[in-house]
């Protein structure tokens, strides 16, 4: 049965990555999760973890985030499979959401290759449908254009974009805001997946 998004529980996630560079594949260095239940963010449901990166591995110079300042912490951080048991219940047998889902799909599948994930909701695609005339659909630009930063700050004070938990919460706030718009409160999971 196709359920309204406002009546389900879903996990919103984000990865921050090294970016691709010659001789080194793109690799995640941070993951963030938050739960959206019945269209409302549960602030107590946040989870974040740094992920291990070899200290000698170069980052793409254009990769955003604070990775350059925390290289020592990344060298000591857990490998993705070491946090899997902690986050598995929030990522399997539940709808998932991200802003531009390709990255999250890829790294989640690498983290747990024997599992299937989704259905997926892409806030990038939904934002393009909901607000077709905006100049940019980058997550931080959407948050600015729609005046949603104070909502994020109320959950995560003193955090910035290109932090996995910040971006997961920003995606959840964006979806919550979209579901509060006229005619979007009836959006169903199947419709969201096909837009």
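Structure notes:
- Residue 60-residue 7 FRET efficiency (beta carbon distance; Förster radius 45 Å; 0.05 resolution): 0.65
- Taking a ≥ b ≥ c as the square roots of the Cα gyration tensor eigenvalues, segment 109-188 comes out oblate, since a/c reaches at least 1.5 and a/b does not exceed b/c.
- Computed over the Cα atoms of segment 29-134, pair by distinct pair, the Kirkwood hydrodynamic radius stands at 15.7 angstrom.
- Computed from the C-beta positions of residue 38 and residue 162, the FRET efficiency with R₀ = 41 Å rounds to 0.90.
- For segment 5-194, the relative contact order works out to 27 percent when only alpha carbon pairs closer than 8 Å and six or more residues apart are counted.
- With the simple model of a label 7 Å out from the Cα in the direction of the Cβ, residue 70 to residue 114 spans 3.0 nm.
- Pairwise centroid distance, computed over Cα atoms, of segment 98-113 with segment 5-57, Å: 9
- Where both bridge residues fall in segment 5-194, DSSP classifies roughly 75% of the beta bridges as antiparallel.
- Prolate/oblate/rounded label for segment 62-108 (Cα gyration tensor, a/c 1.5): oblate
- Acute angle (nearest 10 degrees) that the helix 164-179 long axis makes with the longest principal axis of the chain, alpha-carbon atoms: 10
- Degrees separating the helix 102-111 axis from the principal Cα axis of the chain, which is the longest one: 50
- From the coordinates shown, Cα extents along the principal axes in Å corresponds to which of (i) 51, 36, 31; (ii) 69, 33, 31; (iii) 37, 37, 30: (i)
- Among 80, 58, 135, the largest mean-square fluctuation in a Gaussian network model of the chain, built with springs joining Cα atoms closer than 10 Å, belongs to 135.
- For the chain, built as a Gaussian network whose Cα springs stay under 10 Å, the top-fluctuating residue of 44, 145, 171: 44
- Helix axis angle, 80-91 relative to the chain longest principal axis, alpha carbon, degrees: 10
Read-outs throughout are calculated quantities, based only on the coordinates presented, and are distinct from any laboratory measurement. Since this is a predicted model, take the numbers as computed values, not measurements. Reconstructed Cβ throughout: ideal geometry from the backbone, glycine too, with neighbour counts over all protein chains shown.
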